[in-house]
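Input: a single structure, listed below in structure tokens.
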Amino acid sequence: MLGALKIATRRFKDAPSQAFRREICLPFLLETQNSDGGWGNQLGLGTTVEPTCSALLALASASNSGEVTNSVGRGNDWLLAAQLPDGSWPACLGQQAGCWVTSLACLTLHTQGLARSAVARGVRWLCDAWPGEGKLWWRIRNRVFGETFAVKQNHSFRGWSWTPGTSSWTEPTSYALILLRILPEDLLLRSAVRRQRLGEAMLYDRMCSGGGWNCGNPMVYGVAGQPQVGPTVWALLALQDYPDRPENQQSLDWLECAYQHIRGPGSLALAHLCLETYGRPTPPLEPTLQSFFLNNQFFHSVPTMAWVLAALNPTRKYLEPVRRGVTER
Amino acid sequence: MSASANSLLPSFARAPSRVAIQQAASYQADLSAVLFEALREFKLTVQGKVILLKPNFVGLDSDNLAMNTHPAVVGAARESFLRLGARRVIVGEGPALERDSEAIVEAMRLREYIGRLPGTFVDLNVDEVHRVSLKTRASRLKELHLPQAVLQADLVVSMPKLKTHHWAGVTLSLKNMFGIVPGCCYGWPKNILHWAGITQALIDINSTVRPDFVIVDGIVGMEGNGPIQGTPKACGVLVVGDDPVAVDATCVRLMDLVPDRISYLVYAASLLGHLKEEKIQQIGASIDSVRTSFEVIDSFRYLRSPNWRKGWNGNCTDPTTYAPKN
């Protein structure tokens with residue numbers, strides 16, 4: 001594997017910049033696919049759900065070549081097999097409880113028009129997965145201590161948590177909303193519509209004061225938190241049906257300003273994808289990616305490489321259905 | 001895994017601990033020489049071993065002001081352990097709030113201090129994980145998935161920044177170990193630990209992977225609304241030792257706060273090390289000579305107040321519920 005990466009690096013040094021996607025990203029993702037069909041977080045690591053979804057989301061719309069199609073097929077098979085009996089997906093193998101990656105898994109399958117029943121079971125699990133702040137003891141605590149809480153936010157707006165029974169946070173809520181917004185009506189449970197409304201309200205409630213999002217604490221002890229690129233991107237992608245809302249525009253302004261100071265390839269690719277989705281101009285991506293790659297080879301990260309591949313795909317509609325119709329596997 | 005398995009002892013059964021306070025005026029000082037001498041003082045057996053340095057990299061701070069363990073200290077520690085004969089010294093961190101670890105380490109210019117990052121820096125948030133039964137049951141967690149890099153290290157060195165913390169009071173070597181819990185399993189932040197109770201989760205994690213050695217970056221610390229939004233506070237010290245509780249207690253004393261009022265330190269002292277001053281032998285500078293008063297947010301004023309009485313549950317997870325209203 002490492003040898004393959006070195007070869008890719010050598011090729012890249014000689015290749016014109018526009019070949020980055022073809023010569024670096026695609027070979028990396030194909031060569032880092034594990035024998036079980038999935039991907040690990042990094043080169044050589046065991047398969048888990050998130051990197052597998054990231055790789056599949058990028059590859060499925062990257063090329064129609066036989067090699068890519070075969071790779072995607074094997075990845076989808078692994079993903080389907082990893083679904084837990086309750087319809088959710090675990091973050092890593094051995095965990096018996098599903099979590100935030102369920103949104104990503106459903107999104108990955110649904111955007112390819114696959115496995116309708118598996119997606120439906122995943123969506124049902126998501127709709128039943130309420131965060132911890134909705135529970136009785138939380139409401140009592142909130143009622144008793146109310147104003148003494150250090151974090152001021154509207155707890156009636158509930159989204160999704162990273163792990164079952166904990167608090168709502170920006171990213172898992174965004175992943176779920178990104179899925180729900182593209183589901184056809186027949187897959188949208190009545191409860192999903194309510195969850196969607198609450199989740200969107202939660203995101204707007206948690207926006208940082210100058211625009212943008214951090215992990216989900218915009219104000220602690222009266223001090224405004226700083227937004228971060230990743231959460232801002234995911235929140236904006238989740239809220240893209242409201243492009244003209246001032247909160248969206250303010251957050252896009254923040255992201256545009258932050259763009260030129262981004263020091264990590266994953267954040268850069270995601271910011272690029274988000275700004276393009278909203279039709280905002282972006283500078284060419286390749287030169288900065290090249291320098292990042294030569295520094296650290298993206299830490300051999302599968303999700304990073306997948307986001308970069310998606311960002312460099314001129315024909316892509318990232319996180320949107322790429323196939324019409326639904327195939328049951 | 002590190003030698004932590006043999007480290008759960010009640011205080012009365014534990015030999016007195018030693019903590020060294022080394023003075024260093026700035027990050028331009030010869031930190032390698034300072035740390036090398038300090039490590040030799042503790043006669044650590046590192047020959048041929050794999051060492052994991054666990055700094056506290058919280059977020060993007062391109063000026064290296066006070067948020068993160070300074071890369072110069074990390075570089076000096078790495079060099080010192082290699083000089084002492086370590087086979088391999090890796091730097092591992094799993095930031096709790098920022099997913100893009102590459103952006104964090106690039107912003108702080110870590111590469112300039114430890115060389116090429118792939119192979120040397122491990123993002124603990126996305127490393128291979130293994131299920132581990134926790135050695136204590138202070139929280140309801142019972143088990144966690146922990147990163148391979150931590151479990152396979154022969155020696156784990158916690159390298160926190162000297163900081164106040166708006167949920168826990170202070171964040172030092174024990175709190176720093178929250179960073180070994182992988183985000184890929186538990187999210188950003190690792191909210192499951194807050195729901196389990198910061199104090200309780202902290203005891204469980206440190207009982208399971210007790211740091212074998214501690215190097216605290218107190219050259220410039222952070223006071224006030226730490227661990228991110230506080231104010232830099234120059235202290236000019238590196239605090240080192242092989243008892244994480246004793247090192248943390250010493251740091252709290254030099255911050256002019258009272259360690260017996262930090263609930264997680266009190267709990268930790270029952271199994272993980274010494275809290276009481278008479279059980280800690282100071283090496284190097286004395287606490288009095290370097291004591292620097294750290295500001296704390298209102299809800300932690302009781303860490304300084306001489307008349308404070310401990311809260312009904314001794315729990316620091318939500319200090320506003322029992323902090324004195326004065």
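Numbers below:
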| read-out | value |
| --- | --- |
| Integer Hz, Karplus 6.51/-1.76/1.60 couplings in order for segment B:136-151, x for Gly and Pro | 10, 10, 5, 9, 8, 5, 6, 8, 9, 8, 10, x, 4, 4, 6, 5 |
| Cut-off under 5 Å, modelled amide H: who pairs with residue A:32 long-range | none |
| Kirkwood-Stokes translational diffusion coefficient of segment B:1-88, alpha-carbon pairs, 10 °C, 1.306 mPa s, µm²/s | 105 µm²/s |
| Residue-count net charge about residue A:41 - beta-carbon cut-off 11 Å; Lys, Arg +1, Asp, Glu -1 | -4 |
| Contact order relative to length of chain B, as percent, for alpha carbon pairs under 8 angstrom and 6 or more apart | 24 percent |
| Highest average packing first - A:233-246, B:268-281, Cβ atoms within 10 Å | B:268-281, A:233-246 |
| Computed E for residue B:291/residue A:253 - FRET, C-beta separation, R0 41 angstrom, nearest 0.05 | 0.35 |
| Helix-derived mean residue ellipticity, 222 nm - over chain B, DSSP H n ≥ 4, -39500 (n - 2.57), to 500 | -6500 deg cm²/dmol |
| Over chain A, relative contact order from alpha-carbon pairs under 8 Å, at least 6 apart, % | 20 percent |
| 10 °C / 1.306 mPa s Stokes-Einstein diffusion coefficient of the protein assembly as shown, Kirkwood radius on C-alpha pairs, µm²/s | 63 µm²/s |
| Qualifying aspartates and glutamates (Cα of each under 12 Å from Cα of residue B:276; at least 8 residues distant if same chain) | B:248, B:260 |
| Computed Kirkwood radius, in angstrom, where 1/r is averaged over Cα pairs of segment A:38-147 | 15.3 Å |
| Neighbour net charge for residue B:159 - beta-carbon separation under 14 angstrom, K R +1, D E -1 | -1 |
| From phi via Karplus (6.51, -1.76, 1.60), per-residue ³J(HN,Hα) for segment A:277-285 in Hz, x at Gly/Pro | 4, 8, x, 8, x, 9, x, x, 8 |
| Burial ordering of B:45, A:102, fewest other beta-carbon atoms within 10 Å first | B:45, A:102 |
| Calculated P(r) tail over 19 Å for segment B:153-232, as whole % of Cα pairs | 39 percent |
| Rg to Rh quotient for segment B:7-297, alpha carbon positions, Kirkwood Rh | 0.92 |
| Cα gyration tensor shape for segment B:62-120, rounded if a/c is under 1.5, else prolate or oblate | prolate |
| Neighbour-count ranking [beta-carbon atoms within 10 angstrom, fewest first] of A:300, B:194, B:70 | B:194, A:300, B:70 |
| Spatial separation of Cα centroids for segment B:189-257 and segment B:85-125, in angstrom | 19 Å |
| Residue with peak Gaussian network fluctuation, chain A [Cα springs, cutoff 10 Å], from A:305, A:202, A:219 | A:219 |
| Under the Karplus curve 6.51 cos²θ - 1.76 cosθ + 1.60, θ = phi - 60°, whole-Hz ³J(HN,Hα) for segment B:198-209, x wherever Gly or Pro sits | 4, 4, 5, 5, 5, 5, 5, 5, 6, 5, 7, 10 |
| Packing-based exposure ordering (other Cβ within 10 Å, fewest first) of B:79, A:185 | A:185, B:79 |
| Cross-link pairs beyond the 25 Å C-alpha cut-off, checked among B:43/B:190; B:54/B:190; A:135/B:175 | B:43/B:190; A:135/B:175 |
| Alpha-carbon Rg/Rh ratio, for segment A:226-309, with Rh computed the Kirkwood way | 0.98 |
| Helix A:286-296 axis, angle to chain A major axis (alpha carbon atoms, nearest 10°) | 90 degrees |
| Cβ-based net charge around residue B:304, under 13 Å, with every Lys or Arg adding one and every Asp or Glu removing one | -1 |
| FRET efficiency, 1/(1 + (r/R0)^6) with R0 25 Å, evaluated for residue A:282 and residue A:241 via beta carbons | 0.70 |
| Highest-fluctuation residue, B:249, B:107, B:66 considered, GNM on chain B with Cα pairs under 10 Å | B:107 |
| Whichever aspartates and glutamates have a C-alpha closer than 16 Å to that of residue A:152, once near sequence neighbours (fewer than 8 apart) are set aside | A:133, A:205, B:318 |
| Under 5 Å, built H, 5+ apart or other chain: amide partners of residue B:170 | B:165 |
| GNM result for chain B, Cα springs below 10 Å: residue of B:183, B:226, B:284 fluctuating most strongly | B:284 |
| Amide H contacts of residue B:132 (H built 1.01 Å from N, under 5 Å, at least 5 apart or other chain) | B:144, B:145, B:146 |
| CD proxy at 222 nm, helix term only [per DSSP H run n ≥ 4: -39500 (n - 2.57); per residue of chain A; nearest 500] | -16000 deg cm²/dmol |
| Volume per residue that the Cα convex hull of chain A spans, once the total is divided by residue count, Å³ | 135 Å³ |
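Just so you know, all these numbers are worked out from the coordinates, no wet-lab data involved. Because the structure is predicted, anything quoted here is derived from the model rather than measured. Here the Cβ is made from the backbone with ideal geometry for all residues, glycine too, and neighbour counts use every protein chain on show.
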